[in-house]
1. Search segment 502-529 for residues that are more than 20 Å from residue 564 (Cβ to Cβ) and at pLDDT 65 or above and pair each with any residue that is open to solvent by less than 50 Å² (accessible area, probe 1.4 Å) and among the hydrophobic types (A, V, I, L, M, F, W, C) when their beta-carbon atoms are under 9 Å apart and the residues are at least 6 apart or on different chains.
2. From (1) in contact with a Phe, Trp or Tyr (Cβ under 6 Å, 6 or more places away or on another chain); (2) open to solvent by 10 Å² or more (accessible area, probe 1.4 Å), pick out the condition that doesn't hold for residue 421.
3. Select from segment 654-670 the residues that are without any contact (Cβ under 8 Å) to a residue 60 or more places away in the chain and open to solvent by 60 Å² or more (accessible area, probe 1.4 Å) and write down the one among them that is nearest to residue 377 (Cα to Cα).
4. Within segment 189-222, how many residues turn out to be outside any loop (DSSP other than H, G, I, E, B), charged (D, E, K, R) and in contact with a helix residue (DSSP H, G or I) (Cβ under 8 Å, 6 or more places away or on another chain)?
5. Counting just the residues of segment 433-463 that are out of contact with any strand residue (DSSP E or B) (no Cβ under 6 Å at 6 or more places or on another chain), in a helix (DSSP H, G or I) and assigned by the TED database to the domain that holds residue 309, which one comes out surrounded by the fewest Cβ atoms within 10 Å (Cβ to Cβ)?
6. Report, by residue number, each residue of segment 156-189 that is open to solvent by 10 Å² or more (accessible area, probe 1.4 Å) and of a type in the set (Gly, Ala, Ser).
7. Considering 562, 602, 558, which residue is part of a helix (DSSP H, G or I), under 20 Å from residue 698 (Cα atoms), modelled with pLDDT under 90 and open to solvent by 80 Å² or more (accessible area, probe 1.4 Å)?
8. Got a number for residues in segment 277-327 being in a helix (DSSP H, G or I) and free of Cβ contacts under 8 Å to residues at least 40 places away in the same chain?
Amino acid sequence: MAETEKPKSKARPIVRLGIFLISHSIFFSVICFSAGVLALLLLPMFAINTYISENALMPGSANTMLSGQEVSEANDLVKDMKGLNSKSGSTIFGSQQILAQYISNLGAEVNYHRFQPQSSRFHPLHFFSSPDSGIVQDNVSCMTQGINTVGIIRAPQADGKEAIVLVTPYNPVKTSLHETLSLGIAYSIFSLLTQVTWLAKDIVWLAADSRYGEYAAVSAWLRDYHTPSFGRSSMIDTYTCAETNVLYEFEANHVTEKESLDDFKRAGTMAAALVIKVSNRSEHFEDSLSVYAEASNGQMPNLDLINIVNYLAEHRQGFQIKIEKFWPLLDCKWLKFLGEIFETIGKFIRSLNPEWKFGMLASDYVDGTATLASSLYYQAVGIPTGPHGAFRDYQIDAITVEMSPKFSSGVKVRRDEFILRGGRLIEGVVRSVNNLLEKFHQSFFLYLMVSTSKFVSVGVYMIAFALLVAPLPAVAASLYSYANNSNLTLEKIEPAAPANPDDELIVSLRSWRWLNAAKRVFVVHLWGAVVSLLPYFICPIPDYSPTTNSIIWALLSLLTLLILSVILGSPLSSTKSCEQRIQEWAFLKAMTTSAAFIGLCLMSVINFATAELGAFLVVSMCLLAHPLKLDLVAGNFKALSRAASNLVLGFIAFPPVTFFLFKAALQGFDNLHLGDFWNWMETLWAWNSATFLYLGMVHLPCWVLCTQILLHPC
């Protein structure tokens with residue numbers, strides 16, 4: 001009886017789909033990449049109106065209580081601070097003394113916080129250490145230490161477990177008029193809050209000494225606030241600093257009172273923080289307000305906090321809300337043309353069905369794209385746009401509110417009105433945050449602003465990133481399959497020989513040829529890590545200009561790459577057969593594409609904006625990379641077009657070239673200097689921006705590997 005053959009089981013649908021995508025990887029790549037670019041261009045059209053998610057905030061539900069009395073007291077502080085600048089023989093600590101005196105007169109707690117300036121010298125471990133863990137500068141004296149003045153109001157209706165922080169940076173050596181105004185606004189609301197009975201959270205007012213930078217002063221205070229202190233050994237001994245004795249002249253000269261001013265006082269867990277600044281530029285028509293929210297590595301505060309400020313400023317206090325834009329895009333003709341196309345398509349769709357809300361005016365599209373590009377850029381760079389970024393390092397929602405008056409700071413009548421409006425704005429925000437029973441959590445933490453009243457959430461703009469990187473694994477699998485099939489073809493062409501153990505070993509080794517490509521990809525990425533560490537050895541060299549440092553960095557990078565090429569063997573060697581070289585570049589591109597996919601996905605976890613912008617260049621390089629020799633031999637239009645595209649893309653995607661082209665678009669080619677790239681990279685590592693690591697360990701290695709593919713001797 002003949003044995004019946006068992007029917008072959010069909011592969012699962014997901015497996016069949018994977019095989020289909022791999023076999024049609026070119027078509028799939030073109031569709032996905034084009035859709036990803038289109039999704040980026042359509043983001044302004046998918047923006048939605050901002051709204052306040054947390055009902056407990058209730059902005060504007062209560063009448064303001066700030067009156068002319070608090071404004072008058074704030075004006076006295078402004079006069080005293082201005083008078084201190086014109087007084088001859090005044091010490092640099094006179095402003096701290098005045099602030100402490102005013103805070104003490106209100107009945108609030110006051111203390112000084114001393115901190116030491118820290119060095120921004122590059123250190124590789126700073127990327128993985130606690131926030132602001134810089135190196136304390138040597139030879140710090142009493143006169144060079146920074147001194148913050150801190151006032152605390154204990155809430156009468158609370159147990160001291162939560163607090164709201166107000167920050168006003170100023171330079172005590174030479175306090176400008178706009179800095180005195182910001183101090184006046186903060187003092188007016190601080191004076192009011194000492195009298196109210198509805199306060200449910202402690203209020204902390206930090207007058208930050210910004211001589212060494214606004215961020216440094218706030219970050220130093222936050223670090224000490226969240227770090228238990230068991231002694232005073234790390235601080236400069238105040239008894240040995242005769243220069244700082246002026247800080248205590250307003251108190252009776254008792255040791256216990258002097259110690260109380262130097263004791264670090266704390267309030268509760270910080271619910272939110274507001275940095276209050278007054279711009280030194282005046283507006284011609286009306287008072288304006290700008291909100292800065294970007295923190296380190298693309299972190300953003302809860303959107304509800306920004307919405308509260310915008311709502312109260314525009315609808316309660318009459319401020320004109322301004323937002324950052326990428327100004328060169330406003331004059332782009334191709335962007336205006338694209339906006340007109342989208343506007344026409346939107347009109348046609350609405351004519352079919354009025355309920356289909358698609359499309360927007362061309363002018364609104366251009367303006368929204370410029371705003372979205374600015375928001376995406378500032379998040380991608382990973383550098384805080386203000387001292388509020390120090391709070392976000394401790395997962396505290398914070399923003400910088402910068403007000404611009406429409407008057408000269410010396411006009412008293414308008415100054416009183418400006419302090420009143422600014423104070424009432426801050427009062428409204430404090431009232432809303434005071435209503436919260438828990439931390440901000442209802443609204444979004446990942447978003448891009450399109451205007452002051454529109455935003456794009458992460459659920460929308462992550463689609464563009466997913467479409468951009470989706471072709472990478474499919475192309476890698478397709479190339480790997482192609483290289484393996486070419487290996488099998490070679491084996492079929494070769495004449496059959498008697499089987500022996502040596503032949504089996506050779507066949508086994510052929511199936512592992514992809515390890516050579518994987519080894520090369522690993523070593524090039526290791527070289528990228530070495531390049532990222534080189535500034536650690538270059539920075540200590542004294543008296544070298546940024547241009548010289550850039551040249552040294554480039555030469556050392558080339559030297560290390562040449563050494564690794566000699567150790568591994570040059571990929572341009574031609575000792576192998578043509579078929580083996582074709583198989584080699586296919587494996588190399590498959591491994592490069594896989595590494596790029598992993599690097600972009602990892603970067604999206606750290607800073608999504610950086611990954612989204614980087615994906616546009618890296619994915620383009622990986623998809624188009626093809627040996628120039630094969631394209632030139634083919635000689636047809638498709639091959640020559642691909643070769644030309646590879647050359648242009650390889651030039652543009654080189655990190656220094658990308659930087660200079662971007663800067664030229666903003667400032668013109670006349671302002672370009674070779675040392676600018678070093679200065680920019682120095683800024684990235686000084687702020688512990690993960691974008692520095694991305695450029696050195698993901699983007700640059702992928703560029704080098706794609707260049708090796710282009711120059712491969714097939």
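The values are calculated or read from the model by the stated rules, or taken from the named source; none is laboratory data. Small disclaimer: the values here were computed from a predicted structure and weren't measured. Backbone-built Cβ (ideal geometry, glycine too); neighbour counts: all protein chains shown. Heads up: the accessible areas ignore ligands, DNA and RNA and are worked out on the full protein's heavy atoms, side chains in. Shrake-Rupley method; radii C 1.70, N 1.55, O 1.52, S 1.80 Å.
1. So the pair list comes out as 513/483; 513/587.
2. Failing condition for residue 421: (1).
3. Restricting to residues being without any contact (Cβ under 8 Å) to a residue 60 or more places away in the chain and open to solvent by 60 Å² or more (accessible area, probe 1.4 Å), the top hit is 662.
4. The first filter runs over segment 189-222 and keeps only residues outside any loop (DSSP other than H, G, I, E, B), leaving 189-193, 202-209, 214-222.
Add one more test, that the residue is charged (D, E, K, R), and what stays is 202, 209, 214.
Subsequent filtering for residues that are in contact with a helix residue (DSSP H, G or I) (Cβ under 8 Å, 6 or more places away or on another chain) retains 209.
Matching residues across segment 189-222 total 1.
5. Result: 435.
6. Result: 158, 160, 176.
7. Details: 602 fails: modelled with pLDDT under 90; 558 fails: modelled with pLDDT under 90.
It is 562.
8. First, pick out the residues of segment 277-327 that are in a helix (DSSP H, G or I): 296-298, 303-315, 327.
Narrowing the set further to residues that are free of Cβ contacts under 8 Å to residues at least 40 places away in the same chain leaves none.
Count: 0.
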